[in-house]
Each structure stands twice: as C-alpha cells, then as structure tokens.
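See below for the structure under consideration.
The values are calculated or read from the model by the stated rules, or taken from the named source; none is laboratory data. What you see is a predicted model, and the numbers here were worked out from it, not measured in a lab. Cβ: placed from backbone, ideal geometry, glycine included. Neighbour counts: every protein chain shown. SASA here: full protein model, heavy atoms, side chains in, ligands and nucleic acids out. Shrake-Rupley method; radii C 1.70, N 1.55, O 1.52, S 1.80 Å.
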Amino acid sequence: MQDTQKIAILKKLITFASVNDNEAAVAAYIKSLFAGLPHVTCETVTYAPRRDNLVITIGNTGPLLGFSGHMDVVAPGKESDWSTPPFQPVIKTGRLYGRGAADMKSGLAALVVALLELAEDSTQLNGRIRLLATVGEETGEYGAAQLTAAGYADHLAGLLIAEPTDNMQEIVYTARGVIDYRVTSNGKAAHSARPEDGINAIDNLLTFYRLAKQKLAAFDQTDPILGKNTHSITKITGGEQVNSVPSYAELMGNIRTIPQYPNQIFFAALEQIVAALNQQPGYDLTLSYSFPEEAIPGDPHSNLVQLAQQVYQKHWDHPAKVAGELGANDGAEFLQARGDFDSIVIGPGANVSHQSNEYVVLETYLKACAFYKDFATTFFSTQQ
C-alpha cells in the first residue's frame, strides 16, 4: 500500500465526528476496506443506535493476537481555539491536524493499514489477528466491556492497544484504574428565611464531600511507576433558587487507582460513609458508579514487552521507554476475559490528546503502520 493511501485512510477516519456517538459510521467505513479480502471476517456489535463496535478477524486457526483501538473522540471544544476545523484534516509541516489525530484515530488507522496489508498480501500467519474497534472508550470503556462479555477477547495470546504513547516513544505495560462515582442528596425545600422548615441537600452533600476526601486520602501507598491514587470532586450541582433551601444536590467524583488498591477498597469506603450518614436524621444520600475499571498491574519483563522492544528497534535507532500510563484504557476491560494474557499500549499519537489543534506526526504514523505489521508476523513466528 502506498503512503498516500495510508494517509487517506487516516484522513477519512478523522472526518467522522464520532464525539461519544456515531461510531457506527466509522465502523462501516473500516469494514468496507476489507470487503472481498480472503480469510477475513467482519462483525458489528451494536451498543446503541449509531453506536457499533467492530470486530475484524484475519485467519482461521491458531493463537489469537488482539489489536485494539477506539472509534470515539472527545468533543473539540470551542472551534475558535482551532487553527483549522477539527473534523477537516489538514497537513502542515509534516503533521496531520484534526480531532482524534492523536487520540486515537492515528493508532486505529495504523492497525487497520497493517491488517489490510497482511490480508491483501495473503501473508501466511501461524495464527489469527483480531481487531477490536470499540465505542465509548472516552466515557467509560463500555464498548470494550460489551465485547468482553460477549467473548470476543477470550483466550487471547496477547493484546496490543494503539493508544498514543508520546509518538511511539513508550511501551506501556501498566496503567491506573478509574472509578467515576455520583452521590445524590435529597432534602426538603423551604423558604430561606425559615431554613429550619427544610432539609438542606447541599449541606448534607458537603458533609459527604469532606468525609470522602478525608477517608480516601488515607490510601497513600505509592506505586513506583504510577505514583499515588488521586481523588477529585469534579462536578457539583444543586438547588433551585437563591432564596430557597435546596431540596436536591449531586456531585461527581473521579478516582484514579493503582494496583496496590483494588477498586473494592474504594467502593467499601464510599459506601460506608453513605450508610453512616443515612443513619442520621435528614440525610438521604444515594451512591452509584459509572463503568469503574481496575488498575492494570502488568509485567515490564513480559514476553510481550520484550517482543515489542525487539521489533521496535528494527524501526527506530533507539529502544522504547518501558513505562506506565496514568489514564485508563480499554485493556482494563479486555483483561477480564477468559484466559491469561498480557497487554501493552503503544501508539503514534503525540501528547496532545483532548487539546485543540490535536495532531499526529505523519512520519511516526507511517512507521506505526510498519511496526504493527512487523509485530504481528514476529509474534506468530515465536508461537509454538
């Protein structure tokens, strides 16, 4: 495949405004690229209207190598902050600009190119490759959760995720987990001149806020790669008007976890606070979670990491840094599938994820296409 064709695939992917939605259009385009190729199966797995995961498998028998990338992107924010329209890819000085160029349509496109070349060349593999293209990674990894529950990641021999890793300078083997939670507080409205007639839902919520910050701060172990847990209250709403005692309030919190603390420890701590407060007069708090993900412990010396490093040094004149990732990724869901396998993250995106004027260096993108193809063939050459 010519470089112009590889770049055209990436540009096309960026034109789809798949902002936490509309991934079905992305999936349909990718699926069309594989039409008519031998030994290729394509399956769409619908999550919701306009939201289709895509599973592409090359080969018929043997060990199963997983490739993964997500099709959704975050909102572009104010278009006035962009030098060019976010969904109209533009190339300037060796960089391709557009929403998703880094996170992570460049990684997804590079995986697609690698698979297309393997399929078009009828490369003989001692196994199968499965692309797991997901919806909803940016808002909770629920596409990956759906594919995992349906068995598409069962018994993988290894998993490579093409999330951005500083222009492919890093091989990531471990990552923080994430817990997004919501607490609602129900009170009783009253005139603010007679607050004793009501129950202040905001006051009760702030009591939870103080206790949660205090209790979770005690989980203070440090991971040598990922650092400490973090806990941030990221959204608060409540009240009806300035002269009324508020009858309702809610907050949302975000916890980034490390392997030393399984998520259940945080669940138990938060639930204990809510239960204790609800025993007091006037409190009516409810706690819920949104797609929590466990931290990925990983092994910096795994066979998968060593293989990636071996292939990497065929394409770059220096070794990759073996590192951890502070954010979560779809691997936390896929690693819950049946079987025991390792995962790594390595992708061409620069460190400009979620920013305006997001870009990928085209030279890095093209090298990623070659790296993923080489990684797949080398992986199967090592399988017994």
Can you return the lysines within cross-link range of Lys367? Criterion is Cα-Cα under 24 Å, with same-chain partners fewer than 8 residues away left out.
Lys6, Lys11, Lys12, Lys31, Lys92, Lys105, Lys314, Lys321
So, with a 1.4 angstrom probe, what is the percent of accessible area on the range 265-384 that is carbon and sulfur?
47
Identify the residues of the range 203-235 with backbone N under 15 Å of a label point that sits 7 angstrom from the Cα of Ala276 along the Cα-to-Cβ direction, or state none.
207-219
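Around Tyr47, under 11 Å between beta carbons, what's the net of Lys plus Arg minus Asp minus Glu among the other residues?
-2
Ranked highest first by the average count of other Cβ atoms within 10 Å around their residues, in what order do 193-201, 62-70, 266-274 fall?
62-70, 266-274, 193-201
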Measure off 7 Å from each Cα along the Cα-to-Cβ vector at Ile265 and Glu79, then give the distance between these two points in nanometres to one decimal.
4.7
Please report, in whole Å, how far the alpha carbons of the range 250-311 spread along each principal axis, starting with the longest.
63, 19, 12
Using Cα positions and a limit of under 25 Å, work out the lysines in reach of Lys213, with same-chain residues fewer than 8 apart set aside.
Lys228, Lys235
How large is the charge dipole for the chain, taken about the Cα centre, if only the Cβ atoms of Lys, Arg (+1) and Asp, Glu (-1) carry charge, to the nearest 20 debye?
420
With a 1.4 Å probe and every protein chain kept in, tell me what percent of the accessible surface of the range 105-167 is carbon plus sulfur.
37
Find me the longest stretch of the chain that has none of the exposed trypsin sites (Lys or Arg not before Pro), where exposed means in a DSSP loop (not H, G, I, E or B) with at most 14 other Cβ atoms within 10 Å.
79-337
Value at 222 nm in deg cm²/dmol, rounded to 500, when DSSP H runs of n ≥ 4 in the chain each add -39,500 (n - 2.57):
-9500 deg cm²/dmol
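Counting Lys and Arg as +1 and Asp and Glu as -1, what is the net charge of the other residues whose Cβ lies under 15 Å from the Cβ of Ala8?
+2
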Just the accessible area per residue of the chain, please: how many Å² with a 1.4 Å probe?
42
Zone residues, the range 131-175, relative to Trp316, backbone N less than 11 Å from point 7 Å out along Cα-to-Cβ:
165-172
When only C-alpha pairs under 8 Å and at least 6 residues apart count, what is the relative contact order of the chain, in percent?
25
